[in-house]
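Written below as structure tokens is the structure these notes are about.
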Amino acid sequence: MTKITKNKLAQLTAVMSDGEFHDGTALGQQLNITRSAVWKMIKKLERYDIEITSVKGRGYALCEPLILLEESQIQKQMGKQRYHLALFESVESTNDYLKSLRKPNGVWFCLAEQQTEGRGRLSRGWHSPFGKNIYLSCLYLFHKDISELAGLSLVVSLAVVNTLKQFGIEKELHVKWPNDVVCDYRKISGTLIEVQAESHGACHAIIGVGLNVNMLIDERRKISQSWTSMRRATGKYLDRNLVSAELMKNLLKYLKRFNDESFAAFTDEWMASEMMSGKIISVKTVNETVTGVVKGINAQGHLELKLADGKVRVFSSGDTSIIKK
Ligand code: BTN
């Protein structure tokens with residue numbers, strides 16, 4: 001686990017993001033560090049799988065732009081919002097870090113450049129390469145019973161959709177029950193929620209969001225589902241400091257409303273961006289796979305499926321795939 005303190009690495013990559021060659025001594029002078037400290041940081045970036053060309057007499061050049069996360073940049077965008085932020089260069093899982101906090105007060109966010117044990121739903125992993133995407137978790141106290149949190153992952157997907165729209169991604173952008181956001185039928189974001197019940201009908205939820213931002217290829221062939229990223233959708237490299245801050249602001253806004261009201265307040269927004277109504281889909285649960293036509297969702301955010309015999313079944317969790325569009 002490596003926490004980010006004085007972010008010299010971000011300063012180094014900011015200077016090098018022009019893609020030009022930079023001499024080690026000049027870089028050292030710009031950053032007020034020694035040439036050997038620069039060399040150590042270059043080696044560290046290479047260990048994180050960042051491609052760097054190094055040519056004797058010319059120095060080092062990044063093969064791809066790389067803007068790293070910086071607390072000060074995020075704070076600047078967040079304005080007067082109240083929250084705690086833990087920012088890591090590398091962590092096992094941002095969800096697990098928040099889970100390890102003892103008696104946390106207020107809202108906590110955890111962001112990381114890389115997760116070594118990133119987790120997805122249904123015991124899957126979440127590919128979390130260094131410096132490419134957003135791996136964000138939020139710890140939030142709900143004044144609700146655990147049974148009232150069924151719609152939470154849907155609300156989080158809506159906050160992600162809103163964020164993506166702010167960055168110009170709107171075409172073929174949909175929420176997919178229960179926790180995915182897809183762009184052009186490819187997954188761009190997923191949510192993993194873990195809930196801990198507290199006394200007096202309250203509960204803490206750890207909401208983990210993985211959002212593909214600048215990932216263009218899956219070098220290690222780690223992703224089994226069809227996926228896309230914001231960069232693929234827009235053709236532009238994005239500063240994740242800006243995207244993270246917008247996502248955090250949207251989460252604060254959507255989570256507060258969900259806490260004060262209920263999922264019913266979001267049904268219209270969900271219906272405007274969902275992609276499965278009227279389609280034949282399969283829902284895979286721990287015990288079975290059921291096929292039917294999607295009727296919609298109910299006021300709790302559960303999925304309603306019309307089966308071949310005309311009966312309607314309601315699902316509170318599961319994995320969905322469209323069989324016929
Ligand atoms: C899924 O679609 O299966 C959910 C993916 C959730 C991934 C995020 S990344 C930040 C947080 N930390 C984790 O280990 N997982 C979630």
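The values are calculated or read from the model by the stated rules, or taken from the named source; none is laboratory data. All figures in this text were calculated on a predicted structure; none of them were measured in a lab. All Cβ positions, even for glycine, are placed from backbone atoms using ideal geometry, and neighbour counts span all protein chains on display.
Here are the numbers for the structure shown:
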item	result
Members of segment 112-123 found to be touching a residue at least 24 places away in the same chain (Cβ under 8 Å) and either among the acidic types (Asp, Glu) or surrounded by fewer than 24 Cβ atoms within 10 Å (Cβ to Cβ) (or both), listed by number	113, 114, 116, 117, 119, 120, 121, 122
Test: residue 120 is assigned by TED's automatic domain parsing to the domain that holds residue 251, in contact with a strand residue (DSSP E or B) (Cβ under 8 Å, 6 or more places away or on another chain) and among the small types (Gly, Ala, Ser)	yes
Total residues in segment 258-277, condition in a helix (DSSP H, G or I), in contact (Cβ under 8 Å) with a residue 60 or more places away in the chain and in contact with a helix residue (DSSP H, G or I) (Cβ under 8 Å, 6 or more places away or on another chain)	6
Selection status of residue 308, among the small types (Gly, Ala, Ser), under 29 Å from residue 145 (Cα atoms) and either surrounded by fewer than 17 Cβ atoms within 10 Å (Cβ to Cβ) or not assigned by TED's automatic domain parsing to the domain that holds residue 172 (or both)	no
From the options 218, 239, residue that is within 16 Å of the ligand (Cβ to nearest atom), of a type outside the set (A, V, I, L, M) and out of contact with any Ser or Thr (no Cβ under 8 Å at 6 or more places or on another chain)	218
Residue among 188, 193, 280 that is under 21 Å from residue 64 (Cβ atoms) and without any contact (Cβ under 8 Å) to a residue 60 or more places away in the chain	188
First in segment 87-106 and in the same structural domain as residue 134 (by TED's automatic domain parsing) and within 17 Å of residue 69 (Cα to Cα), second anywhere and among the basic types (Lys, Arg) and at pLDDT 95 or above, Cβ under 7 Å, 6 or more apart	93/119
Subset tally (residues that are of a type outside the set (Lys, Arg), surrounded by fewer than 15 Cβ atoms within 10 Å (Cβ to Cβ) and more than 23 Å from the chain's Cα centre (by Cα)) for segment 268-285	4
Lone unmet requirement of (1) touching a Pro at 6+ places or on another chain (Cβ under 7 Å); (2) of a type in the set (A, V, I, L, M, F, W, C); (3) modelled with pLDDT of 95 or more for residue 215	(3)
Out of 188, 146, sole residue that is in the same structural domain as residue 254 (by TED's automatic domain parsing) and either within 21 Å of residue 99 (Cβ to Cβ) or surrounded by fewer than 21 Cβ atoms within 10 Å (Cβ to Cβ) (or both)	146
Filtered residues of segment 101-149 (kept if near the ligand (Cβ under 9 Å from one of its atoms), basic (Lys, Arg) and modelled with pLDDT of 95 or more)	119
Evaluation of residue 84 against (1) crowded, with 17+ Cβ neighbours inside 10 Å; (2) more than 9 Å from the ligand (Cβ to nearest atom) (one fails), failing number	(1)
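Table: residues versus (1) modelled with pLDDT under 95; (2) within 18 Å of residue 180 (Cα to Cα); (3) outside any loop (DSSP other than H, G, I, E, B); (4) not assigned by TED's automatic domain parsing to the domain that holds residue 87.
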| site | (1), (2), (3), (4) |
| --- | --- |
| 233 | no, yes, yes, no |
| 236 | no, no, no, no |
| 241 | no, no, yes, no |
| 253 | no, no, yes, no |
| 287 | yes, no, no, yes |
| 296 | yes, yes, yes, yes |
